[in-house]
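The values are calculated or read from the model by the stated rules, or taken from the named source; none is laboratory data. Predicted model, so just to flag it, every value in this text is computed and none were measured. Note: ideal-geometry Cβ built from the backbone for every residue, glycine included; neighbour counts use all protein chains shown. Note: areas computed on protein heavy atoms with side chains; ligands, DNA, RNA excluded. Shrake-Rupley method; radii C 1.70, N 1.55, O 1.52, S 1.80 Å.
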2 protein chains.
Amino acid sequence: MKNNICQKTLQENRESLENLLKRRFFVAPSFEIYGGVAGLYDYGPPGCALKSELESHWRKHFVLGEDMLEISATCLTPHNTLKASGHVDRFTDLMITDMKTNECYRADKVIEEHISKLIKEKGDKLSSDDKSKLEMVLIKAGSYGAEEVKDCIKEYNIKTPSGDNNWSEPYPFNLMFKTKIGPKDKEVSENIGYLRPETAQGIFVNFKRLFDYNGKKLPFSVAQIGLGFRNEIAPRNGLLRVREFQMAEIEHFIHPDKKNHPKFSLIKDMKLPLYSREHQLNNINHNSELTLEDAVYGKRKIIDNETLAYFLAKTYQFLINVGINPTGIRFRQHLSTEMAHYAKDCWDAEVLTSYGWIECAGHADRSCYDLIQHANSSKIDLVASEKYDEPVYKQILEATLNKQLIGKTFKQESSIVTSALLDIAKNNSHQEFRDNIEKYGNCKLIYDNHEWEVTSDMVKYEYKTKKISEEQFVPGVIEPSFGIGRIIHCIFEHNFKYRDTESDENQEQSKLGNNKDNNEMQRNYLSLPIIVAPIKCSILPISSNVIFNDLINIIHTSLINYGISCKIDTSSASIGRRYARTDEIGIPFGITIDFQSTKDNTVTLRERDSMKQVRISSNEVISVIFRLVNHQVDWRYVTENYPIFTQQLND
Amino acid sequence: MKNNICQKTLQENRESLENLLKRRFFVAPSFEIYGGVAGLYDYGPPGCALKSELESHWRKHFVLGEDMLEISATCLTPHNTLKASGHVDRFTDLMITDMKTNECYRADKVIEEHISKLIKEKGDKLSSDDKSKLEMVLIKAGSYGAEEVKDCIKEYNIKTPSGDNNWSEPYPFNLMFKTKIGPKDKEVSENIGYLRPETAQGIFVNFKRLFDYNGKKLPFSVAQIGLGFRNEIAPRNGLLRVREFQMAEIEHFIHPDKKNHPKFSLIKDMKLPLYSREHQLNNINHNSELTLEDAVYGKRKIIDNETLAYFLAKTYQFLINVGINPTGIRFRQHLSTEMAHYAKDCWDAEVLTSYGWIECAGHADRSCYDLIQHANSSKIDLVASEKYDEPVYKQILEATLNKQLIGKTFKQESSIVTSALLDIAKNNSHQEFRDNIEKYGNCKLIYDNHEWEVTSDMVKYEYKTKKISEEQFVPGVIEPSFGIGRIIHCIFEHNFKYRDTESDENQEQSKLGNNKDNNEMQRNYLSLPIIVAPIKCSILPISSNVIFNDLINIIHTSLINYGISCKIDTSSASIGRRYARTDEIGIPFGITIDFQSTKDNTVTLRERDSMKQVRISSNEVISVIFRLVNHQVDWRYVTENYPIFTQQLND
């Protein structure tokens, strides 16, 4: 059983962990030789391998396991797409500038820091009402508008960091990186491009092709793993707030009124750590104790629908599989003030880190918003249809046009007029125009910034009864969205361990003591699950004697043929120190070749967490590792089937 | 044995292939509902899966198979890094503008089009000298400078496309996408960022950490798979010239004077299709018939070193593994005019496509250029060292400084002066300054745009004999670099096949005839190797009868548990049409469930290319497919061990 996760311990470990991650090149600041760039990080060999294993498990768990369609769209995105999605106008943070120093700050962060300091300093002296009020500011500051920011700064007399200078008015700063596509010099909306702030839009604009690919059937899920970019004002906390990040997103398209899930019954009895809106607003600091069935259908219904609940359960399982401690996971429901106006319900999977609870995955019911926006902007229908059991009869508005007259009257504009008149019927819009045409025989039509004088002999609008055998509708979208970098950060924090050198498995190792790589008295290591371990196996000769070389090469080649990543360490460091090095980068298994190996062709196989070893023939060891890595057997099976080995003190 | 590849056939197939790729959503223009953006393409579900399989094989073949370190650096790159690498100043195409229409064109493309037209039109009327001259222009136009472009336009009287307007002077256009990092409004070099035009620089700037990670040993290879971006002036030819593309690059760091490769003996007898510089310049239109050993060591030595040759061989094997026809591969050596000034030797792996020979992978010996550039700009040593067998004694220039005097004289500038004076010793530079100091007792020092008056009581330069036990040097770099999208394009072209409906395996299918998805008389399909096939297996019930559902679900779940991607098609189309659909997206194996299945629990297993089927129990079929997909058995083994099935005409 895993220990409970505790923020204080995580904080105490942070420095040693960061030190290990940088020293062993899991992650390091990008362009460090040039002083680095805030918010950009590179993954070194073990970090890159871990990321790749994590993505590959995500693919297996979601894409393969749930029969999703995966696509790969571009990062470069033209203006029109992000204008339609709302990002050009609303993907902003409010900033305030110190008018004297010209330094700019995120308004919500300035407020949060000030309020947190207040709470910390005044502490128990605050009345419980005052304290609650301050805590509510903390919760809501992220969604404040400009006026609320100004009021708040005034009410709490928040000073500029450099002293008592004036703050500017709050102003929005768009977080998208802008560039120009194509060789034309002038910047016009046709050649403005942005780096996508999320991968989702690349899925929405491809909806039609994807729906066709799926045989025009709903529901279906589309997944995408790829980069997102946000020009953060204040990047910080390592991988947690960066400017370029790997995401894995799912857009589940579904009938907006039928959000049941065929596999709901498999997860309905699960109890997830749900931290509901109600609990947050009432300052109740524990999770709801509901089953998912009760959460969706019970008296205190808190999750909007089965499909959303199903994805929460899948995410919970995924996070545990890749090494997040379940006691450090909660699903926090968004407050209504946090959600976009169109969203129906949102739950963030949050993980407890040394920085507090951090969002690692969002689960949003985005309703039909995105498809409607893109359909309106692109003038292309983005709809699905479903056959009725019985055909229905409906009154449909139709336009009958006199195309000849329209052509004669409007000449080269006639096709725009025609499509405007047809659109009016289709959208059942411009009621007043239609009334006037009928009543007065003519009327001015204002449409899409154009104006025309239209007469009743050009167009006639009538309701007609139509037999309709299928329903057309805009699908709803449920979006689980994962931040790969954030999950990796949490995996590091939750799997950072240490043991005293005295607890070592044998004297050889307890001699270590003065290990430069570690504190004198303790050895740090990463207890990564096999599934995400960057390298699965090490190969260590007991000494650098050349007689081991043949066996090293044979084992190495066999492991690679089985597709198992491995690392040979033939350096002259003691075997104990070399074990410590492999533990540091989380290698779960180690093959040691010793002098007995050269006599009887056996080797030892060591497991990282227990530090136990078994003796096993060098032919068999490959397939045992293969089965361990592919979860066909576990370490216990190995210890029960092969003799435990206690290391001899030769070298 | 595969047929020879022939450009004419590829050209004839192009339209049908493009049609198939778009219709089945392998690849489609990005943001198509908004009219698309030139040079941007999205991978739909089968294209994305193929890309992911291709990358995963690349990882296995290179990273795992050759023990490389893989990293993942950022796309966003600050100005200083790309200034040092030369991209800010030299990563440009020459453009010319039609002065009347203001349309801009790539100068080399304008020239190439004109010359190609000339050759085509005048054809046989040209003297062989004239023809050779024109062909040389075609080869060299890409590397013309501004003056050569002007001369060429004048000599051949090349007109603007819109008529006889004037051309502008040729001017360089930088192909990098530029953006601003951070919230500051003003554009200064500190906040200018670019999207990386190649992944290589992210490896070079991390050299120090990587060298440490590798235990400070040379040689070693670092790999990276990721996006590159180029603001192409004229994107075209589908995936072949795009603005955002996936790359896979390797930087192999090696002692600049010891470029042997430990595994050269394994490939030395291979004969690759080498198209040498000499053959190109002499218009010899066939490849050299040399073994790699002769190519590196023979009289007509054409490859610079063993390591470069080893990578050519690895690339050749890789391209064949993923489905490129070997008769459509050649390695073309760069002309000296094509290569960067620092490059020692370059070979492009070119693949024959409907557009001609296309570069899919480059292999460049970049010498020590990149590390030297970054070391100079960042002032951080990027060097390796190697112990001598015996220590050597060398004369080393040393500077003895009077720090007190320097401090007193230059005050806050004294640390810059100090490091300048030390650099001079280290680099053995500024000979004249050193001479003058000694001779006259003082001299003006000009260094890094600064000027100081330095006197001989501040610094003394002397050669001293030093015992040196290790050699410090800047490693050389050999870079194999792959364009993933281009390789995918070539895989499509080389594996696009068709068969007459009459050649179908049974009457059921030859009834197809009027298949809307295809020409009336032929069925197109993709004969993709298992290794890159987007989906490995289909599950097809013989009809949409519900009695098949249980078995479908059991087989589906088992395949997923084995990690095998599969696609169920329960639509009401005839089994023949459904086979055709799975063939179109290159699914190599198909399980068919028929009425006999419900009686004896057997199914049929069909292979795409031969259209042969065997009958096999539904339990066994999973492990057979697993072994087929993992190359443990081949189809021939299956046909020899299970009864051939001839489809019954039921349903």
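Nearest 100 Å² is fine: what is the total accessible surface buried where chains B and A meet, probe 1.4 Å? Show your work: numbers first, answer last.
Values: alone 32860 and 32900 Å², together 59240 Å².
Summing both chains' loss of accessible area gives about 6500 Å².
How big is the protein assembly as shown by the Kirkwood estimate over distinct Cα pairs, in Å?
Values: mean 1/r = 0.0285 Å⁻¹.
Kirkwood hydrodynamic radius for the protein assembly as shown: 35.1 Å.
Please compute, for peptide A:61-72, the average count of beta-carbon atoms on other protein chains lying within 10 Å of each residue's beta-carbon. Display every interim value, and only then the final one.
Numbers: counts 0, 0, 5, 7, 3, 1, 6, 1, 6, 10, 10, 12.
If you average over the peptide's residues, the count of other-chain Cβ atoms is 5.
With a 1.4 Å probe and every protein chain left in place, tell me how much accessible area B:Y156 has, in Å² to the nearest 10.
Per-residue accessible area (B:Y156): approximately 40 Å².
Please list, in chain and number order, the residues 5+ apart from B:G193 or on another chain whose amide H is under 5 Å from its amide H, with Hs placed from the backbone.
When sequence neighbours closer than 5 places are left aside, the close amide H contacts are B:T179, B:K180, B:I181.
Evaluate the charge dipole of the protein assembly as shown about its Cα centre and quote only its size in Debye, nearest 20, assuming +1 on the Cβ of each Lys and Arg and -1 on the Cβ of each Asp and Glu.
Working: 166 positive and 180 negative charges, 77 e Å.
It works out to roughly 380 debye.
Can you give the mean number of other chain Cβ atoms that lie within 10 Å of the Cβ atoms in peptide A:226-237?
On the way: counts 1, 5, 0, 5, 0, 7, 3, 2, 2, 2, 0, 0.
Shielding by partners across A:226-237 averages 2.
With a sphere of radius 15 Å drawn around the Cβ of A:I560, what net charge do the other residues whose Cβ falls strictly inside it have (Lys, Arg +1; Asp, Glu -1)?
Values: positive: A:K536, A:K567, B:R59, B:K60, B:K263, B:K314; negative: B:E66, B:D67, B:E70.
My count for the surroundings of A:I560 gives +3.
What's the average, rounded to a whole number, of partner chain beta-carbon atoms within 10 Å of each residue's beta-carbon in B:368-380? Intermediate results must be reported in sequence, preceding the final value.
On the way: counts 0, 0, 0, 0, 0, 0, 3, 1, 0, 2, 5, 2, 3.
For peptide B:368-380, the averaged partner shielding equals 1.
I'd like the accessible area for A:T639, computed on protein heavy atoms only with a 1.4 Å probe and all protein chains in place. Round to 10 Å², please.
The accessible area of A:T639 comes to roughly 40 Å².
With a 1.4 Å probe and all protein chains in place, put A:I372, B:I555 in order of accessible area, largest first.
Numbers: A:I372 70, B:I555 5 Å².
Sorted by accessible area, descending: A:I372, B:I555.
Taking H as built 1.01 Å from N, whose amide H comes closer than 5 Å to the amide H of A:E398, not counting residues under 5 places away?
Residues meeting the criterion, in which the H sits 1.01 Å from N, are A:E462, A:Y463, A:K464.
Lys and Arg at +1, Asp and Glu at -1: add these up for the other residues within a Cβ distance under 10 Å of A:I250 and post the number.
Working: positive: A:K314; negative: A:E66, A:E70, A:E249, A:E251, A:E479.
Summing Lys and Arg as +1 and Asp and Glu as -1 gives -4.
Quick one: Karplus J couplings for the range A:123-134, per residue in order, coefficients 6.51, -1.76, 1.60, θ = phi - 60°, nearest Hz, x for Gly and Pro?
x, 6, 6, 6, 5, 5, 5, 4, 5, 4, 4, 5
Could you estimate the translational diffusion coefficient of the range B:408-466 from the Stokes-Einstein equation, with Rh from the Kirkwood formula over C-alpha pairs, at 4 °C and 1.567 mPa s, in whole µm²/s? Don't jump to the answer; show the numbers that get you there.
Details: Rh = 11.9 Å.
Using the Kirkwood radius from Cα pairs, D works out to 109 µm²/s.
Restrict the search to the range A:278-347; then list the GluC sites (Glu not before Pro) that DSSP places in a loop and that have at most 12 other Cβ atoms within 10 Å of their Cβ.
Numbers: sites: A:E278, A:E289, A:E293, A:E306, A:E338; in loops: A:E289, A:E338.
Loop-located and lightly packed - A:E289.
Over chain A, how many percent of alpha carbon pairs lie in each 10 Å bin up to the one with the longest distance?
Values per bin, smallest distances first: 3, 12, 19, 21, 18, 13, 8, 3, 2, 1, 0.
Under the convention of a label 7 Å out along Cα→Cβ, give the distances in nm from A:T646 to the same position in every other copy, shortest first.
Those separations, rounded to one decimal, come out as 7.1 nm.
Can you give the FRET efficiency to the nearest 0.05 for A:E470 and A:Q431, using r as the Cβ-Cβ distance and R₀ = 25 Å? Mind showing how you got there, number by number?
Values: r = 27 Å, r/R0 = 1.08.
Efficiency, from the Cβ-Cβ distance: 0.40.
How large is the convex hull of the C-alpha atoms of the range B:13-143 per residue, in Å³? Could you put the intermediate results ahead of the total?
Numbers: hull volume 35.1 nm³, N = 131.
Output value, Cα hull per residue: 268 Å³.
Using a label point 7 angstrom from Cα along Cα-to-C-beta, what distances in nm, from shortest up, separate B:S16 from the other copies?
6.7
Counting only helical runs of four or more DSSP H residues, what would the 222 nm mean residue ellipticity of chain B come to if each run contributes -39,500 (n - 2.57) and the total is spread over all its residues? Kindly include the intermediate steps, with their values, before the conclusion.
Working: 24 runs with 229 residues, N = 651.
Estimated from H runs of four or more residues: -10000 deg cm²/dmol.
Quick one: dipole size for chain A, taken about the Cα centre, charges +1 on Lys/Arg Cβ and -1 on Asp/Glu Cβ, in debye to the nearest 20. Don't skip to the end; give the middle numbers.
Values: 83 positive and 90 negative charges, 108 e Å.
It works out to roughly 520 debye.
So if the hydrodynamic radius of the range A:323-454 is defined as the Kirkwood radius over C-alpha pairs, what does Stokes-Einstein give as its diffusion coefficient at 25 °C and 0.890 mPa s, in µm² per second?
Rounded, D is 123 µm²/s.
Skipping prolines and chain starts, which residues have an amide H placed within reach, meaning under 5 Å, of the one on B:S367, given they are 5 or more residues away or on another chain?
B:K344, B:V477
When the accessible area of the protein assembly as shown is computed with all protein chains present and a 1.4 Å probe, what percentage of it is carbon and sulfur? Can you show the working numbers first?
Working: 27780 of 59240 Å².
Taking all protein chains in place, the protein assembly as shown shows 47 percent carbon and sulfur surface.
So, counting K/R as plus one and D/E as minus one, what does the shell of residues with Cβ under 9 Å around A:K208 add up to? Please list the in-between numbers first.
Values: positive: A:R209; negative: A:D212, A:D381, B:E32.
Every neighbour counted, the sum reads -2.
If one computes the Cα centroid of the range A:232-302 and of the range B:547-576, what distance in Å separates the two points?
Each part's Cα centre sits 31 Å from the other's.
Given the whole protein assembly as supplied and a 1.4 Å probe, what does the accessible area of A:W635 come to in Å², nearest 10?
40 Å²
For the range A:519-635, what does the alpha-carbon gyration tensor say about shape, rounded, prolate or oblate, given a ≥ b ≥ c as the root eigenvalues, a/c under 1.5 as rounded, and a/b over b/c as prolate?
Values: a/c = 1.68, a/b = 1.08, b/c = 1.55.
It is oblate, given that a/c is not under 1.5 and a/b is not larger than b/c.
Residue by residue, what Karplus-based ³J(HN,Hα) values in Hz, rounded to whole numbers, does the range B:453-467 have, using 6.51, -1.76 and 1.60 with θ = phi - 60° and x for Gly and Pro?
Going residue by residue, I get 9, 10, 10, 6, 7, 8, 8, 10, 9, 9, 7, 10, 7, 10, 7 Hz, with x marking Gly and Pro.
Calculate, for the range A:258-407, the solvent-accessible area per residue in square angstrom, rolling a 1.4 angstrom probe over the heavy atoms of the protein chains. Don't skip to the answer; put the middle values down first.
Details: 6830 Å² over 150 residues.
With all protein chains present, the range A:258-407 gives 46 Å² per residue.
Could you order A:D269, A:D365, A:D389 so the one with the most accessible surface comes first? Probe is 1.4 Å. Please report the intermediate quantities before stating the final value.
Details: A:D269 105, A:D365 0, A:D389 155 Å².
From most accessible down to least: A:D389, A:D269, A:D365.
Among A:538-551, B:579-592, B:602-615, B:450-463, how do they line up by average Cβ neighbours within 10 Å per residue, starting with the highest?
Details: A:538-551: 17.3, B:579-592: 23.9, B:602-615: 20.3, B:450-463: 15.6.
So the order, starting with the most tightly packed, is B:579-592, B:602-615, A:538-551, B:450-463.
Across the range B:241-254, in residue order, what do the Karplus-derived ³J(HN,Hα) couplings come to in whole Hz, using 6.51 cos²θ - 1.76 cosθ + 1.60 with θ = phi - 60° and x for Gly and Pro?
Along the range B:241-254, the couplings run 9, 10, 9, 9, 8, 7, 10, 9, 10, 10, 10, 9, 8, 8 Hz.
Calculated FRET efficiency, B:N376 and B:E278, Cβ-Cβ r, R0 30 Å, to nearest 0.05?
0.25
Can you tell me the FRET efficiency between A:H450 and A:D89 if r is taken as the Cβ-Cβ distance and R0 is 30 Å, rounded to the nearest 0.05?
On the way: r = 24 Å, r/R0 = 0.79.
For A:H450 and A:D89, the calculated efficiency is 0.80.
Could you give me the percent of Cα pairs per 5 Å distance bin for the range B:242-312, shortest bin first, beginning at zero and ending with the bin that holds the maximum distance?
Spelled out bin by bin, the range B:242-312 gives 3, 15, 22, 19, 16, 13, 9, 3, 0 percent.
Please list B:S16, B:S572 from largest to smallest accessible area, probe radius 1.4 Å, with all protein chains kept in place. Don't skip to the answer; put the middle values down first.
Values: B:S16 35, B:S572 110 Å².
Order by accessible area, largest first: B:S572, B:S16.
First check a/c for the range B:448-490, with a ≥ b ≥ c the square roots of the eigenvalues of its C-alpha gyration tensor; if it is under 1.5, answer rounded, and if not, answer prolate when a/b is larger than b/c or oblate otherwise.
Numbers: a/c = 11.71, a/b = 2.21, b/c = 5.29.
Oblate is the answer for the range B:448-490, as a/c is 1.5 or above yet b/c matches or exceeds a/b.
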